[in-house]
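S.K.: Pasting a structure below so you can have a look.
The values are calculated or read from the model by the stated rules, or taken from the named source; none is laboratory data. From a predicted model like this one, the values you see are computed outputs, not experimental measurements. Please note: Cβ atoms are built from the backbone with ideal geometry, for glycine as well, and neighbour counts cover all protein chains shown. Accessible surface is based on the protein model in full, side chains and every heavy atom, while ligands, DNA and RNA are left aside. Shrake-Rupley method; radii C 1.70, N 1.55, O 1.52, S 1.80 Å.
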Protein chains: 4
Amino acid sequence: MQAFPSGVIPPLVTPLTVDRDVDVEALERLVNFQIDSGVHGLFALGSSGEVSFLTDVQRDTVVQTVVASADGRVPVLVGAIDTSAARIVEQISRAADRGADYAVTTAPFYAKINQRDILDHFRHVAGHSALPVVAYDIPVAVHSKLAPTTVLTLAEERAIVALKDSSGVQAQFREVVMGNRELGRPLKIFTGTEVVADADLLIGADGIVPGLGNVDPASYGELYNLLAAGQWEEGRILQDRLVHLFRIINADESLTGPAQAIGAFKEAMRLRDIITTSVTAAPSTLLSEPAKKTISTIVTAHFA
Amino acid sequence: MQAFPSGVIPPLVTPLTVDRDVDVEALERLVNFQIDSGVHGLFALGSSGEVSFLTDVQRDTVVQTVVASADGRVPVLVGAIDTSAARIVEQISRAADRGADYAVTTAPFYAKINQRDILDHFRHVAGHSALPVVAYDIPVAVHSKLAPTTVLTLAEERAIVALKDSSGVQAQFREVVMGNRELGRPLKIFTGTEVVADADLLIGADGIVPGLGNVDPASYGELYNLLAAGQWEEGRILQDRLVHLFRIINADESLTGPAQAIGAFKEAMRLRDIITTSVTAAPSTLLSEPAKKTISTIVTAHFA
Amino acid sequence: MQAFPSGVIPPLVTPLTVDRDVDVEALERLVNFQIDSGVHGLFALGSSGEVSFLTDVQRDTVVQTVVASADGRVPVLVGAIDTSAARIVEQISRAADRGADYAVTTAPFYAKINQRDILDHFRHVAGHSALPVVAYDIPVAVHSKLAPTTVLTLAEERAIVALKDSSGVQAQFREVVMGNRELGRPLKIFTGTEVVADADLLIGADGIVPGLGNVDPASYGELYNLLAAGQWEEGRILQDRLVHLFRIINADESLTGPAQAIGAFKEAMRLRDIITTSVTAAPSTLLSEPAKKTISTIVTAHFA
Amino acid sequence: MQAFPSGVIPPLVTPLTVDRDVDVEALERLVNFQIDSGVHGLFALGSSGEVSFLTDVQRDTVVQTVVASADGRVPVLVGAIDTSAARIVEQISRAADRGADYAVTTAPFYAKINQRDILDHFRHVAGHSALPVVAYDIPVAVHSKLAPTTVLTLAEERAIVALKDSSGVQAQFREVVMGNRELGRPLKIFTGTEVVADADLLIGADGIVPGLGNVDPASYGELYNLLAAGQWEEGRILQDRLVHLFRIINADESLTGPAQAIGAFKEAMRLRDIITTSVTAAPSTLLSEPAKKTISTIVTAHFA
């Protein structure tokens, strides 16, 4: 297993064929493109990877492909997304069998749960996990928020090794960063909010998991380096450029869910020849032609 | 396959052993108890069945046990609860292989989705399902609500045969009932709100899926018969008695999720010797001793 | 002061002139129309009355006009809608000075508040109020829900004389009804959910505050009488007819807030010559012409 | 009228006497303390000022006192907090009569409203306002969020001169900042999130409206100067110190609303002799003695 990195860890989209199955060839291409662009790790089967739409067999294919293509060059994180601890442990086991380095997982969803039970949930997962565990805080999907005290208790108990915070609640994010510092930094803390990564790194994040990094990993790498070097204003300007690029996700406002942000990322990647189609998982509606044109205009301007 | 019934269809709890595995013997006892009490169908692996906490192997055990014990006396509905259409189709296939009669399933969760995609989701499930599909509207778990027009479109297309409405939004429930009547009643419509079943049957529900029916199915059967006979005031009085019994779920206010309502149901069932333990799925906290006393007092008074 | 009635108490819209000022003549007409239709009380300055949009001077005009027109024939309830206890007491004082019989008021809004403080809020209002107080539970506007225990504590302390429940949370509504019965019925309990009034009366409501009663008070009176006489199925059929009429509020789906439901009520009333314009308070957008046509079709069919 | 400043504008608490009336003497002391500490403006009658709990007479007293005490040394912003445009215009008029420089106001609350109507609401306010208007985005109180396009449209039309963003939604905050830059900076943009002011200033805010600035305005002034000078890491460290101080608001977790954060601010101010009591507006529960001890410990450590 590789040491947990700092820096940029893109949450890989899952390229699909026109028949909506995993496009193994395109996924291999994507992995190589990302590593060549200098990313510090790869995160397969996250929300950007449309994990909740993939069957177990498809998930296995993704993990196998990413691990094989990465070939030890960077660590591979895999989302173990399921409704409860027992099911998550099974997902982790499948990922571990296929060579993943870290498992990324959330609080239970579907069943309503309080912070005390969320704590026990992660303890249970950690106690039975074949891989070190990264806590994933994504209230928009899970419909509960990991309280800073929950995260810090798990850190103190060494039940988790890292946090991916996609909550967008920056005040609590800061509480976790400060608490982690007081504990001697047992956690690596990553922000999933790709449009304010500069601000989150100023606050003290160790790295970024940018969905938009699928499209332009080089700029996120440059952003991370600028900020690590204390060049905050230059970083802010580059981050602003990436926010402009991020506007591709509003190209088709009639869509929600995977079809909107992820469809836009995939279309931009297709335009750059990183993957082959912009198809998203069934039953999501596909991008309209006018939306594709808007995306093309923004992408062309960004990379000009 | 048996015809879809009207009447009372209890959402069976999943009895667990002290080691938190499926208690097959207790589940058999529960099935027989329910059928002997006159219920019109059985619903395994619903929210009351803690479905989201069970592994696939445990789910298989539940279905197998319920189908074998029911032995064709009443139809068996099985919850196919997973995050997306493709995964749900697999869950349905496992249930069908084990003899289930109907599959009960929800809109996608985890990924955010709009009504247009929810419609396509159910169409996709229906088109690939090994069993007739019942739509399950439970916003507290899924975090989206099935719009009345979505349900009615699916009814018109014969993609679904029934609705279980656990939304508690009675105004929209009525819209579905009225729309279904206008379509010639393609759907059987069930309410999951066990404390206002009288009101929902007045509005036009075909039946009840009462979690509390695990504890007192006979009273729900009597309630259904009273209301079917137009004895609304007598029904209201009996429903009030059941609401008194339902107060067991507030016995331990520090709990949420399975441990609260389902733990209370299980404890009441244990007191009545219907099952053997009141254990709920990990990692939920178990009922405190004072809470158990409160439940015992309420249960004793109810059945006196 | 008149005794608090059971039955139908319409929440009067506030008719406006084309200049968006209070249309006193139309309001007088509306009061007479309602009383002639047999309603048991009048509720001015509720949400249907667009109270939050009216200045204090306009509110005074409304109260004065309604009290004068009612002329003691039925009791007049007045909404005292403001952000805190001290401000509400002032609103009640103005209404009392102009002859109102009862004040209807909510929990604080704008500032976040818990149930303990909501209890003290109503105690403070009751202790300083020039009129008997009706608690108004309308989470869609206030963004908190009155817990059943809060309402029942206030009832027991005689701090409030009635409840108007517009929460649509029927399970909790039933808890209040049952608790009130156990206390010897200190409260009159009204439902504000005009589309399931039959169900709420079955559960035990004392009456209805139907926004749609502005348009068709006679039918709500008939509904109340049918249900009071135990004719539940006939009542259900009439309620269904009123639900059909209620569909006027969906005529213009681009609107929200006052312009949607209240604009539709006003347009239907205008068509029936009960008021003069369908103008709603600034800055709400007015109904489109196609929406008006849809409303006209529904209204014509209903009263044919 | 004074030009709209950049920098630190504390949202003044409203000091109360033990009888819960406005403590004019303490308010004068507070104004002088703030100005002596170098703040760039004063904001009276915001959420920290418990505006929603004060009567109009009390609000007038606050404005009069703050304007007289400020005596032209810094501009005075006044919250015009009410449920609708017409009522807000009246509040602004009262503030203007008493010498306020700017009015700060929100979207309508109580009535549900969409972005189109929010736009017209601000246009209506601006068209009738006696003072230049600052838009106040505070979803926790108003229960709707100002969309970036709404704010930018109002900026382009010169209907508003500034934005106070207390939404905590940093991604959208950035969109406003970037859009404002593209428009040639018609708006001054302030963040109300006192615990990530460093991050918001990096993104491009013109200043801070920190509730905690009531307690320690000098540090916020220093923070602003550090960041304006590009000393981001030093700023981050000072911001972290202020976050430690901010923990006073968690001293009494049983409280919500004014009694929690504002009660804690007031207690800390009382300990520093800036005001005389820590009383919050009725009916909020007051801080417990253990909570006061916790606050005292944190405050003593901070200013040691």
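S.K.: Shielding of C:50-57 by partners, i.e. mean partner chain Cβ atoms within 10 Å per residue?
M.R.: So the per-residue partner count for this stretch is 5.
S.K.: Accessible area per residue of the range D:109-268 at 1.4 Å probe, in Å²?
M.R.: Values: 4940 Å² over 160 residues.
With all protein chains present, the range D:109-268 gives 31 Å² per residue.
S.K.: Once you have a ≥ b ≥ c as the square roots of the Cα gyration tensor eigenvalues for the range A:7-231, tell me rounded if a/c is under 1.5, and otherwise prolate or oblate according to whether a/b is larger than b/c.
M.R.: In terms of gyration-tensor shape, oblate.
S.K.: Shortest first and in nm to one decimal, what separations exist between D:Asp97 and its copies in the other chains, measuring from label points 7 Å along the Cα-to-beta-carbon line?
M.R.: Nearest first, the other copies' label points are 1.5, 7.9, 8.0 nm away.
S.K.: Report the accessible area of D:Leu271, computed with a 1.4 Å probe over the heavy atoms of all protein chains in place, in Å² rounded to the nearest 10.
M.R.: 70 Å²
S.K.: Separate question: So what are the ³J(HN,Hα) numbers for the range D:181-196, from phi and the Karplus equation (6.51, -1.76, 1.60; θ = phi - 60°), rounded to whole Hz, Gly and Pro as x?
M.R.: 5, 5, 7, x, 6, x, 9, 8, 10, 10, 9, x, 8, 5, 9, 10
S.K.: Inter-copy label distances at B:Gly127, 7 Å along the Cα→beta-carbon direction, one decimal in nm, shortest first?
M.R.: Between copies, matching label points for B:Gly127 lie 4.5, 5.1, 6.6 nm apart.
S.K.: Where both partners of a DSSP beta bridge lie in the protein assembly as shown, what percent of those bridges are antiparallel, to the nearest 5?
M.R.: 5 percent
S.K.: Just to be sure I understand: with springs between alpha-carbon atoms less than 10 Å apart, which residue in C:Gln231, C:Gln64, C:Gln34 has the highest mean-square fluctuation in the Gaussian network model of chain C?
M.R.: Highest fluctuation among the options: C:Gln231.
S.K.: In a Gaussian network model over chain C where Cα atoms closer than 10 Å are linked, find which of C:Asp198, C:Asp206, C:Asp120 has the largest mean-square fluctuation.
M.R.: Among C:Asp198, C:Asp206, C:Asp120, the largest mean-square fluctuation in the Gaussian network model of chain C belongs to C:Asp120.
S.K.: Let me ask something else about it. Label-to-label distances across copies for B:Thr17, with labels 7 Å out along Cα→Cβ, in nm, shortest first?
M.R.: Inter-copy label distances (nm, one decimal, shortest first): 4.4, 7.3, 8.2.
S.K.: Of the DSSP beta bridges with both residues in the range A:7-231, give the percent that are antiparallel, rounding to the nearest 5. Let's see the in-between values first.
M.R.: Values: 1 of 23 bridges.
If I count the DSSP bridges inside the range A:7-231, around 5 percent turn out antiparallel.
S.K.: Under 5 Å between amide hydrogens, which residues at least 5 positions from B:Gly79 or on another chain qualify, with H placed 1.01 Å from N in the peptide plane?
M.R.: B:Ala44, B:Leu45, B:Gly46, B:Val104
S.K.: A follow-up question, please. Taking the solvent-accessible surface of protein heavy atoms with a 1.4 Å probe, what is the per residue accessible area of the range C:1-93 in Å²?
M.R.: 30 Å²
S.K.: Shape verdict for the range A:220-271, please, from the Cα gyration tensor: rounded (a/c under 1.5), prolate (a/b greater than b/c) or oblate.
M.R.: Verdict is prolate for the range A:220-271.
S.K.: When N counts the residues of the protein assembly as shown, how does its alpha-carbon radius of gyration compare numerically with 2.2 N^0.38 Å, as a ratio?
M.R.: The reported ratio for this selection is 0.94.
S.K.: Quick query: amide H of D:Gln2 versus all other amide H atoms, modeled in the peptide plane; which residues come in under 5 Å with a sequence gap of 5 or more or a different chain?
M.R.: Amide H neighbours of D:Gln2, under 5 Å, 5+ apart: none.
S.K.: What residue among C:Ser288, C:Ser219, C:Ser48 shows peak mean-square fluctuation when chain C is described by a Gaussian network model with Cα springs under 10 Å?
M.R.: Most flexible of the set in this elastic network: C:Ser288.
S.K.: Under a straight-distance cross-link criterion of Cα-Cα below 19 Å, which aspartates and glutamates are reachable from B:Lys292, leaving out those fewer than 8 residues away in the same chain?
M.R.: Reachable aspartates and glutamates: B:Asp216, B:Asp252, B:Glu253, B:Glu267, B:Asp273.
S.K.: Give B:Lys145/B:Lys293; B:Lys145/D:Lys145; A:Lys164/B:Lys112; A:Lys293/B:Lys145; C:Lys112/D:Lys112 a once-over and call out the pairs whose C-alpha atoms are over 26 Å from each other.
M.R.: Violating the 26 Å limit, Cα to Cα: B:Lys145/B:Lys293; A:Lys293/B:Lys145.
S.K.: In whole Hz, with x marking every Gly and Pro, tabulate ³J(HN,Hα) for the range B:24-37 from phi via Karplus 6.51 cos²θ - 1.76 cosθ + 1.60, θ = phi - 60°.
M.R.: 4, 4, 5, 5, 4, 4, 4, 4, 5, 4, 5, 5, 4, 7
S.K.: Hey, another quick one. Scan around D:Ala162 for amide H atoms under 5 Å from its own, H built in the peptide plane at 1.01 Å from N, and keep only partners 5 or more places away or cross-chain.
M.R.: It is D:Ala135, D:Lys188, by chain and number.
S.K.: Total Å² of accessible surface buried at the C-D contact, 1.4 Å probe, nearest 100?
M.R.: 3500 Å²
S.K.: Which parts of the range D:238-253, residue by residue, lose 20 Å² or more of accessible area when the rest of the protein chains are there, as against the chain isolated (1.4 Å probe)?
M.R.: Buried-area filter returns D:Asp240, D:Val243, D:His244, D:Arg247.
S.K.: Quickly estimate the mean residue ellipticity at 222 nm for chain A, helices only: each DSSP H run with n ≥ 4 gives -39500 (n - 2.57), and the total goes over all residues, rounded to 500.
M.R.: Dividing the helical sum by the residues of chain A leaves -14500 deg cm²/dmol.
S.K.: Got a sec to turn the phi values of the range C:142-156 into Karplus ³J(HN,Hα) couplings, 6.51 cos²θ - 1.76 cosθ + 1.60 with θ = phi - 60°, whole Hz, x for Gly and Pro?
M.R.: Ordered by residue, 3J(HN,Hα) equals 8, 6, 9, 10, 6, 5, x, 5, 5, 4, 6, 5, 5, 5, 4 Hz.
S.K.: Report, to the nearest whole %, how much of the accessible area of chain C belongs to carbon and sulfur atoms, 1.4 Å probe, protein only. Write out the running numbers ahead of the final one.
M.R.: Values: 5030 of 9850 Å².
Here carbon and sulfur together make up 51 percent of the probe-accessible area.
S.K.: What distance in nm separates the two pseudo spin-label positions at A:Thr300 and C:Ser254, each 7 Å out from Cα along the beta-carbon direction?
M.R.: My value for the distance between the label points is 3.2 nm.
S.K.: Among the residues of the range D:82-105, which ones have their accessible area go down by 10 Å² or more when all the protein chains sit together, as opposed to their chain alone (1.4 Å probe)?
M.R.: Residues shielded by partner chains are D:Asp82, D:Thr83, D:Ser84, D:Ala85, D:Ala86, D:Arg87, D:Glu90.
S.K.: Consider the operator that turns chain C into chain D: which C residue has a Cβ nearest its axis, and what is that gap in Å?
M.R.: In residue-and-Å form, the answer is C:His143, 3.
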